[in-house]
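See below for the structure under consideration.
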Amino acid sequence: MGGPHPPAIRLRPDPVLSASILVAHLAAGLALFLMDLPLAVTASSGLAVAVSAAWTVHAQARKRGLALVLAADGALRICHEGDEGGGDAWARVLPGAVVFPTVVWFALGWTGQDGRSRRLRLMLIAAEVDKAHDGKESGERGDHAQWRRLRTWLRHRAPRPLGP
């Protein structure tokens, strides 16, 4: 995990994705009131939808200021801007990463300073990855050089799930 540090891939929440997630939750909540269900079922289901929406908004907001530094050995450094290194951690991508051209899903695992096991699950789309500044950060040209670099790294460095 030593050696020169490659540039960080900076993440940011995408307002369009956040809005679409909230619209989906709103539609689910409204559908509950249009169905002929007992009040207790409607209320508890409505509460579940509201909690889910709040959790999703929180998860999207956590992406602000998060940066990922990809290492050649498959490790990944999680950096929080403005945290003066206190929250930085080396993590590993857990088996089961899914990489498509437009979206990636992966989970990170590491041991915190307190010795406890930590996990972070991420779903990212290209709009949530900051663009490279004129392609100079990653040595590539184009708007989505960082996105391509992340997808390639996940395909080649992330561990594969064990097969049957």
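Every number in this text was worked out from the coordinates using simple rules, so none of it is lab data. Because the structure is predicted, anything quoted here is derived from the model rather than measured. Counting neighbours? That spans all protein chains shown, and the Cβs are built from the backbone with ideal geometry, glycine included.
Working only with C-alpha atoms, what are the Rg and Dmax values of region 15-61, expressed in angstrom?
11.6, 35
What length, rounded to one decimal in nm, is gained on full extension from F33 through to H80, with 0.36 nm per residue of separation minus their alpha-carbon distance?
Working it through step by step, the gained length comes to 12.8 nm.
Please arrange V41, V129 by counting, for each residue, the other beta carbons lying within 10 Å of its beta carbon, fewest first.
V41, V129
Please turn the phi angles of region 23-31 into ³J(HN,Hα) values with the Karplus equation 6.51 cos²θ - 1.76 cosθ + 1.60 (θ = phi - 60°), one per residue in order, whole Hz, x for glycine and proline.
5, 4, 5, 5, 4, 5, x, 5, 4
With a Förster radius of 22 Å, plug the Cβ-Cβ distance of A107 and A61 into 1/(1 + (r/R0)^6) and report the FRET value to the nearest 0.05.
0.70
I need E128, E81 ordered by Cβ neighbour count within 10 Å, fewest first.
Starting with the residue having the fewest Cβ neighbours, the order is E81, E128.
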